[in-house]
Amino acid sequence: MAIIGGGYTGLSAALTLARLGHRPVVLDMEPIGYGAPSRNGGMVSGALKLAKGDIVARAGQERADRLIREVACSLGFIEETIAREGIECHYRRSGRFVAAWTRRHWNTMAARADWLAGVTGGEVRMVPPARTREDLGSDHYRGGMVVEAAGSLHPALYVQGLARARPPAPARC
């Protein structure tokens with residue numbers, strides 16, 4: 001079984017298949033983890049970039065809720081993989097601050113905060129403009145949203161850890 005691409009997706013798929021008793025081979029034209037997997041900012045999140053458009057308007061409420069719940073599970077999947085495989089990649093669950101540029105932007109985020117918390121099961125809280133400095137250290141933005149389900153890791157160490165991970169051999173009868 002061949003997997004094309006030695007990034008996060010290919011290595012994770014290979015690890016999953018190996019845990020199921022298969023012997024996948026990962027193929028890449030560059031060294032494993034060469035490009036974006038080892039050179040990104042290391043931000044980890046179980047969220048979609050909702051600022052790019054209204055997902056409910058584009059997909060409908062039921063489909064949007066299902067998609068967001070599914071994406072929210074990805075953070076737990078990464079955390080479980082790091083713990084189970086003992087990957088030393090400086091992972092830290094830190095949350096993230098999504099800054100509002102205007103009062104209208106803040107109001108739009110605030111209108112979605114409860115819904116976002118409900119479908120993801122994660123804590124989401126709004127930071128009013130007067131308290132932005134406390135969370136961000138700056139008065140540049142008009143408040144924002146804190147999403148607790150986010151973290152950071154060292155991307156090169158994570159991809160190397162995925163490449164080195166070896167699941168236990170399946171039991172034979």
Looking at ARG104 and the list (1) assigned to a helix (DSSP H, G or I); (2) closer than 27 Å to ALA13 by Cα; (3) more than 23 Å from the chain's Cα centre (by Cα), which single condition is not satisfied? (2)
Go through region 15-31 residue by residue and tally those that are more than 20 Å from GLU80 (Cβ to Cβ), under 25 Å from the mean Cα position of the chain (by Cα) and not in a loop (DSSP other than H, G, I, E, B). 2
Within region 77-94, is even one residue charged (D, E, K, R) and within 29 Å of PRO128 (Cα to Cα)? yes
Hey, does region 76-91 have a residue that's over 18 Å from ALA156 (Cα atoms), surrounded by 14 or more Cβ atoms within 10 Å (Cβ to Cβ) and of a type outside the set (Asp, Glu)? no
Out of (1) modelled with pLDDT under 95; (2) part of a helix (DSSP H, G or I); (3) not basic (Lys, Arg), the one CYS173 does not meet is (2)
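Residue by residue, here is whether (1) under 13 Å from the mean Cα position of the chain (by Cα); (2) assigned to a helix (DSSP H, G or I); (3) touching a residue at least 60 places away in the same chain (Cβ under 8 Å) holds:
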residue	(1), (2), (3)
ALA57	no, yes, no
GLU62	no, yes, no
ALA72	yes, yes, yes
HIS90	no, no, yes
HIS140	no, no, no
GLY151	yes, no, yes
Residues to consider are GLY143, GLY121; find the one that is surrounded by fewer than 17 Cβ atoms within 10 Å (Cβ to Cβ) and either out of contact with any Cys (no Cβ under 8 Å at 6 or more places or on another chain) or of a type in the set (D, E, K, R) (or both). GLY121
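The values are calculated or read from the model by the stated rules, or taken from the named source; none is laboratory data. Quick caveat, the model's predicted, so the values are computed rather than measured. Counting neighbours? That spans all protein chains shown, and the Cβs are built from the backbone with ideal geometry, glycine included.
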